[in-house]
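Structure first, then comments.
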Amino acid sequence: EPEVTQTPSHQVTQMGQEVILRCVPISNHLYFYWYRQILGQKVEFLVSFYNNEISEKSEIFDDQFSVERPDGSNFTLKIRSTKLEDSAMYFCASNGAGQGPNSYYNEQFFGPGTRLTVL
Amino acid sequence: AQKVTQAQTEISVVEKEDVTLDCVYETRDTTYYLFWYKQPPSGELVFLIRRNSFDEQNEISGRYSWNFQKSTSSFNFTITASQVVDSAVYFCALSENWIYNQGGKLIFGQGTELSVKP
């Protein structure tokens, strides 16, 4: 069964450093998302991405964040200058809406997450 | 604005008890989707169910059942005969009318931590 993969599973970085979190969405999916979950809290939407551009972003997704689909398979989240409060689990998700009989069914498939620790 | 409330922060039951997790949502849209996800201690998000706003039929899947009531904006989740393996954090989520080019972000509730003791 196809699945969303994320690398690395755990990333430790120093405050102020840049990090890139990588995701490989399910092939032929067209919509991609990043969410984050601070330890012990709820899952929060960061950004959605379609047709090579951001379709929606939350207040959390400020200028320190960027997303990119550098090739046909990867979807990346970059944090330019990490802060302590960026420590969280980051989940990537993809959505196959627009294809197949349930083309408008919004089912997001989540990756296993990357735990980011900023020291 | 859309909002999901899971008022129960933690629930503790003894194995074989039935337990209901509450979820109340707010939305201005008439078309929306509701979801339940399970997050075991390992951290991944496991999809359990999706329900669209036009389908108010209750659903049963094994020991799991869901009660969707639009009149009270609730989408409650019941586990029958709970087991230790059910111990996890359960999240209810809402996606408003899916708009082409936006893809329908998920809005999650705060989660309910279920602890099932042997």
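The values are calculated or read from the model by the stated rules, or taken from the named source; none is laboratory data. Predicted model, so just to flag it, every value in this text is computed and none were measured. Cβ placement follows ideal geometry from the backbone for every residue including glycine, while neighbour counts extend to all protein chains displayed.
Quick rundown of the values:
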{"item": "Listing of strands (runs of 3 or more DSSP E) fully contained in region B:1-96 that carry 3 or more residues being in contact (Cβ under 8 Å) with a residue 12 or more places away in the chain, in contact with a strand residue (DSSP E or B) (Cβ under 7 Å, 6 or more places away or on another chain) and of a type in the set (Val, Ile, Thr)", "result": "B:10-14"}
{"item": "Residues of region B:63-86 satisfying the condition of being closer than 16 Å to B:Leu114 by Cβ and of a type outside the set (S, T, N, Q)", "result": "B:Arg63, B:Tyr64, B:Trp66, B:Phe77, B:Ile79, B:Ala81, B:Val84, B:Val85, B:Asp86"}
{"item": "Test: A:Arg22 is assigned to a strand (DSSP E or B) and touching an Asp or Glu at 6+ places or on another chain (Cβ under 7 Å)", "result": "no"}
{"item": "Scan of region A:26-39 for residues that are modelled with pLDDT of 95 or more, out of contact with any Lys or Arg (no Cβ under 9 Å at 6 or more places or on another chain) and not aliphatic (A, V, I, L, M), ordered by number", "result": "A:Trp34, A:Arg36, A:Gln37"}
{"item": "Qualifying residue in region B:110-118 (condition: part of a loop (DSSP other than H, G, I, E, B) and surrounded by fewer than 16 Cβ atoms within 10 Å (Cβ to Cβ))", "result": "yes"}
{"item": "From B:Lys16, B:Lys38, B:Lys3, residue being of a type outside the set (Val, Ile, Thr) and over 27 Å from A:Arg36 (Cα atoms)", "result": "B:Lys16"}
{"item": "Sole residue being among the basic types (Lys, Arg), closer than 22 Å to B:Asp18 by Cβ and within 13 Å of chain A (Cβ to nearest Cβ), chosen from B:Arg51, B:Arg63", "result": "B:Arg51"}
{"item": "A:Lys57 being surrounded by 13 or more Cβ atoms within 10 Å (Cβ to Cβ) and free of Cβ contacts under 8 Å to residues at least 24 places away in the same chain", "result": "yes"}
{"item": "Checking A:Ser9 against (1) under 27 Å from B:Phe91 (Cα atoms); (2) crowded, with 17+ Cβ neighbours inside 10 Å, the condition it does not meet", "result": "(2)"}
{"item": "Selection count, region A:53-73, where residues are among the acidic types (Asp, Glu) and within 13 Å of chain B (Cβ to nearest Cβ)", "result": "3"}
{"item": "Residue within region A:95-103 that is free of Cβ contacts under 8 Å to residues at least 24 places away in the same chain and within 14 Å of another protein chain (Cβ to nearest Cβ) present", "result": "yes"}
